[in-house]
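Enquirer: Below is the structure I would like to discuss, written out as structure tokens.
Derivation of every value follows stated rules applied to the coordinates shown; laboratory data play no part. Everything quoted here is computed from the prediction, not taken from an experiment. Glycine gets a Cβ as well: all are built from the backbone with ideal geometry, and neighbour counts include every protein chain shown.
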């Protein structure tokens, strides 16, 4: 039996063991597995045998953990699947918290080792050390759902994708939607389903062009080009679903653009400027010593007068046009 990915990563890392940071990474890969759990909204506290529990919140970026249990009952959107694909932790999706202990006991040890190998790989890369070429750690597998009005067309394209190693899903939990047009092209009656599919996944490849007002971000590709385009699209961030908009937050932004600040006039600076200007003028007609004394007296008098009179406040105003522009945009998008 050959070496595992984790063993090969450790052997590679040993070349740099003179670096204390690398030694820490190697030692970390031998410790008790670190495990955490959360939903898409809140962290969860768990206690598992032979594991060290870690507190984390979604999306769990920058957390030193080997396995993350994501409690979610239902399909995952494209952004969530993208986060899972990035790793380096091993993500296990379970429908309920009570399922976590059983899922932990059933977890394949090889998946845990791959997660630790990915962490070690990324740790070396983060230290500026060239990690080895290990496709099993860096290559991800993408999925697609094939839709279209003609069943024969759907089956043909689905077979092409499957033959190329792309997972063909039956629902909209896939990474990319592939919309196969009939020979006559798209009919207006197809538009609502195409728009609904794009809104759910955020990435779409179509085999025939659509009007610009329909799925304007969809990419046109022939059936022969579909495999390459699906893989390319899977590497890009999804364009839908859009995050929920908080109109109150945008209104606060508009208010900040328009708000006015009242600040005290810097009387001391005024006095210093007057002292300097008067001094320069008097030096031309009076001895230097006399000119300096008179300038200082005038400056002090100016400062005292400003303090007694209470100089008006300076008004620093934002541009109202900016706030108006932002509110118009909000209204045009139906946010207001």
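Enquirer: May I ask you to order 111-121, 284-294 by the average number of other C-beta atoms within 10 Å around their residues, highest value first?
Expert: Top of the packing list down: 111-121, 284-294.
Enquirer: Still on this model: How are the C-alpha pair distances of the stretch 12-72 spread across 10 Å bins, as whole percents from the shortest bin up?
Expert: 22, 40, 25, 12, 1
Enquirer: Return, for the Cα atoms of the stretch 143-234, the radius of gyration and Dmax in Å, separated by a comma.
Expert: Computed over the Cα atoms of the stretch 143-234, radius of gyration and Dmax are 11.6, 33 Å.
Enquirer: Taking just the C-alpha trace of the stretch 5-138, give me its Rg and Dmax in Å.
Expert: Radius of gyration, then largest Cα-Cα span, for the stretch 5-138: 15.1, 48 Å.
Enquirer: Take the Cβ-Cβ distance between residue 217 and residue 58 as r, set R0 to 30 Å, and report the resulting FRET efficiency rounded to the nearest 0.05.
Expert: Efficiency, from the Cβ-Cβ distance: 0.70.
Enquirer: Expected output is a single nm value to one decimal: the length gained when fully extending between residue 102 and residue 30, i.e. 0.36 nm times separation in residues minus the C-alpha distance. What is it?
Expert: So the chain would gain 23.6 nm between residue 102 and residue 30.
Enquirer: With the crude spin-label approximation of a point 7 Å out along Cα→Cβ, what separation in nm comes out for residue 76 versus residue 232?
Expert: 2.6
Enquirer: Can I ask one more? Tell me, in nm to one decimal, what length is gained between residue 300 and residue 111 on full extension, where the rule is 0.36 nm per residue of separation less the Cα-Cα distance?
Expert: 60.2 nm
Enquirer: May I pose another question? Full-extension gain between residue 293 and residue 277, please, as 0.36 nm times their residue separation minus the C-alpha to C-alpha distance.
Expert: 4.4 nm
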